[in-house]
Structure formats: structure tokens, C-alpha cells
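To start, the structure itself, in C-alpha cells.
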Amino acid sequence: MLKLYDVAAAQRTILKRAPLSAMDYPASVLARTEKLFGKGVTPPQAVARILESVREEGDAALRRWSALIDGQADLADFLIPPAQLAKAYHSLPADLRQALEVAAERIRRFHELQPLPNWTTSALGGMVGQRALPVERAGVYVPGGTAPLPSSLLMSAIPAQVAGVPQVVVCTPPDPHPVILAAAHICGIDQVFQLGGAQAVAAMAFGTESVPQVDKIVGAGNLFVTLAKQQVFGVVGLDGLAGPTETMVIADHTAKPDWVAADLLAQAEHDVLACAILLTPERSLAEAVQAAVSRQVEALSRAEIIAQSLSSRSGVVLTPDLETAAELANQYAPEHLCLAVADVEGLARRIQNAGGLFLGEHSCEVLGDYIAGPSHVMPTSGTARFASPLNVMDFVKITSLVALDAPTSRELSRWAAVIARAEQLTAHAAAADFRAQD
């Protein structure tokens, strides 16, 4: 089930990245798209059609698409009443309510420790600096899919609240699971709309009669959500374009095969396109993990999804040493990178590119998914080379402050005029000359 690769074979297959634009759409997705939108219509074209109609027609288009795509023909009101959120919260088992409360508290406490970069200085003459201000509205998309994900709501909404965003809007597919509504109640969010897919992204990006326009949209979703986010970028800000989720584990002889196997399986159950990759120089460990995976999967509820994920996008890569494993990890830039080695700190110093770095076997990715504290919304598809996990700074914008004193202004204006004339911008030069002569 979990294949063994040498480095060269892995680089040609499971470690090879492809851009979102080069994605091969599954046949089932293409067939459903053509059934709903017409022969020859591609997913990007279908999304563009949805976005345009919502921008032009507002709620009427939302109702039409909800009926066609989600089968919600009788959806009279998109907004879920706050009383229904509270009812969902109280309907949960006590231990689940407590678990969500503990997770929310840790996520909030973690993000409250992140400093906002407000500063000024007089060292450059007068005052210059910067001010961080929250966006006015943030939109959070919470997928419905094959499993309810209250953790995604907590991990996306709480950093926005800590940043000081006055209004957080949540969209999730129609007839949401009570646990998602309960998570919204815990966060104190009272604007939860039962809207899914590209139409939800369109509603938040453009605004409709029912759904307020937001300034930034965050949260992962299916292919249509990702394509919609891609197409509305510039109208609103985005946290990023989420590809399939991925975990990479680097392990040596000290790692527990059963634990490593369990971590790989936990990742593989997300989606048939999920990636779960083990890098190790130890053949005996690799074979023990393979055996443990085959043994453990039999007891899991999503075994069919796991089997597809492990057979197509996952595997074990035998490396010459841990140093090579670290180099491969930096090239791959995984969303999650787990280090199950004797010298965790030493290997961690070699890592440059990872969305989340999980140090030691007691710091497994599952704890990061739910309750450790940092947001589990992390960069995928190799974007950890330049992108960061969702955090407080995603919900603020920086305003530069310039308040120069008169002597500094006169001095700098002379040099600004010189540069302006070199650029042949004589109006710029003239505006600077007035200050230089003051």
C-alpha cells in the first residue's frame, strides 16, 4: 500500500511539484461540471460564470446556484440565526464542548502573543514609522465536504478576532453539521451563512443583499473554492490558494514505527489527493512502517480514501542520510514537517522551508491540527518557500507614517528633485523644489 522509493525515483514522482494551473481535473469533476454547466465547460469557466452572476444578480444568483449545485431549492434565508448556533452548542456531548473550548482558548492565547508592528522613530528627522490596523471585515470559508471541520473555523476566525477585526463572516455549505455551528458560537460569531463553493466566495467578495462584502477571505475548500479565490484576488485579499494537504516525516532508528504509521494515516484520511511522505535512511524502519500502515488501516473508517491517497501521492523515500532528507524537505517545502529523530534540534536547524515544524514524536501534527495553538491553515503546494501559516498579521494592513521636520524636509527635497529629474518627472521635481527652497 505504501510504496518504497529511492531518492531519484521519488524526485520524479511523489516529490515532484506541479503548479495549480497544470492540474489534471479528475474525470468525475469534469463530468459533473459538464452536467451542470454544459458540454465543454471547464471548472475555471464554470467558476467564472458563477462569480459573474453573483456579482450582477446578488441573492437571486445565490439561490439559483444553491439549488443547482447543493440541491437546496427551498433555501429561504442564508443567515443562520444566532439562537440556532447556541442550540447546536448545547446539543453537543459535554466532552466535545469542553474539547472545543480548550482548543479555542489555546488558539487565542497563542495568537495574542504575536506582536503587531506599530512603531515610530525620530532617528531619521521628525517622525517616521508604521501603524498596523485590522481590516474591517474578514470572511472565513469552512468546508463541509466528507467531514465536518469545526477546527478550521476556530483556526481561521480566532486570529482575525485577536487582530481586532470588527466583523467576521462565516460561510459553510447548506445544512451544516451542529459541531460547526457550535464552533461559531464559541467564537461569538453571529453571521454564519449556509453557502458553499464558488458562490460563497463570490458572495463574500462582491457582497449581496444578504451577505456583506469582506476585505479578505481565508480558509480552504474544494477545487471550486480554490478556483474562485484565485479569480477574485484583487477584489479582496486572500490567505493563499490551498492545494491538497500534505505531511512529511523525517525519521531515524529511534522513531516508533507504529507512531509514524499512525501520523501518515492521519494525513492520508483527509482526501484522496492528500500526501503522506516518510523520509528515512533506515530500511528496517521503512519496512516496519509499511507493515504498521497495512495493519492499522484495517480498523479505520476512511480506509478507502486512505488507500487511494497512499497509492498515488504518498510513499517512503530511502535517503542516504538525514542531511539528504533535510535537503529534500527544503526542496519540497511541505505544509507539515515532522521530525522523529534523536537530534531534533540539530536537524531542525537545517530546515528552511515548512509551514509547520513539529519537533519530536510527542509533537505530532494531529495536535497541531486541533489544539496546540498555531493556526492549522498552512501553506501547501510548496508555497512554504515564501508563505506563512495563517496568523494575526494576515488580518491587518500596514500604514506607513511620515511626519518630517522642516530641516529634514528641505535637505531631502534637494535629493528627491535630483532623482525626479533623472526619471524625467518634472512635476515631481517641482514639488520637491518648493520644499527645498522653504
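The values are calculated or read from the model by the stated rules, or taken from the named source; none is laboratory data. Model, not experiment: these values are computed from the prediction. We place every Cβ from the backbone using ideal geometry, glycine too, and count neighbours over all the protein chains shown.
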Scanning region 54-70 for residues that are touching a residue at least 24 places away in the same chain (Cβ under 8 Å) and either surrounded by fewer than 19 Cβ atoms within 10 Å (Cβ to Cβ) or within 20 Å of Tyr25 (Cα to Cα) (or both) gives Arg55, Gly58, Asp59, Leu68, Ile69, Asp70
Answer with yes or no whether Ala274 is under 20 Å from the mean Cα position of the chain (by Cα), buried (at least 18 other Cβ atoms within 10 Å of the Cβ) and either modelled with pLDDT under 95 or assigned by TED's automatic domain parsing to the domain that holds Cys364 (or both).
yes
Out of region 88-108, which residues are in contact with a helix residue (DSSP H, G or I) (Cβ under 9 Å, 6 or more places away or on another chain), in contact (Cβ under 8 Å) with a residue 12 or more places away in the chain and not β-branched (Val, Ile, Thr)?
Ala88, Tyr89, Ser91, Leu92, Leu96, Arg97, Ala99, Leu100, Glu101, Ala103, Ala104, Arg108
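Let's see how each residue does on (1) of a type in the set (Val, Ile, Thr); (2) within 21 Å of Ala48 (Cβ to Cβ):
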| site | (1), (2) |
| --- | --- |
| Pro174 | no, no |
| His185 | no, no |
| Ala198 | no, yes |
| Met204 | no, yes |
| Val214 | yes, yes |
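Restrict the check to region 195-211 and report whether at least one residue is β-branched (Val, Ile, Thr) and under 15 Å from the mean Cα position of the chain (by Cα).
yes
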In region 419-438, anything part of a helix (DSSP H, G or I) and surrounded by 11 or more Cβ atoms within 10 Å (Cβ to Cβ) is listed as Ile419, Ala420, Arg421, Thr426, His428, Ala429, Ala430, Ala431, Ala432, Asp433, Arg435, Ala436
When region 87-131 is examined, which residues are found to be among the β-branched types (Val, Ile, Thr), surrounded by 16 or more Cβ atoms within 10 Å (Cβ to Cβ) and more than 25 Å from Asp369 (Cβ to Cβ)?
Val128
May I ask you to verify whether Leu310 is among the aliphatic types (A, V, I, L, M), surrounded by 15 or more Cβ atoms within 10 Å (Cβ to Cβ), in contact (Cβ under 8 Å) with a residue 40 or more places away in the chain and over 17 Å from Asp271 (Cα atoms)?
no
Apart from one, (1) over 44 Å from the mean Cα position of the chain (by Cα); (2) buried (at least 19 other Cβ atoms within 10 Å of the Cβ) all hold for Ala354; the odd one out is (1)
Does Ala61 fit the bill of being aliphatic (A, V, I, L, M) and under 29 Å from Ala303 (Cβ atoms)?
no
Kindly indicate whether any position in region 386-408 is over 24 Å from Thr280 (Cα atoms), in a loop (DSSP other than H, G, I, E, B) and small (Gly, Ala, Ser).
yes
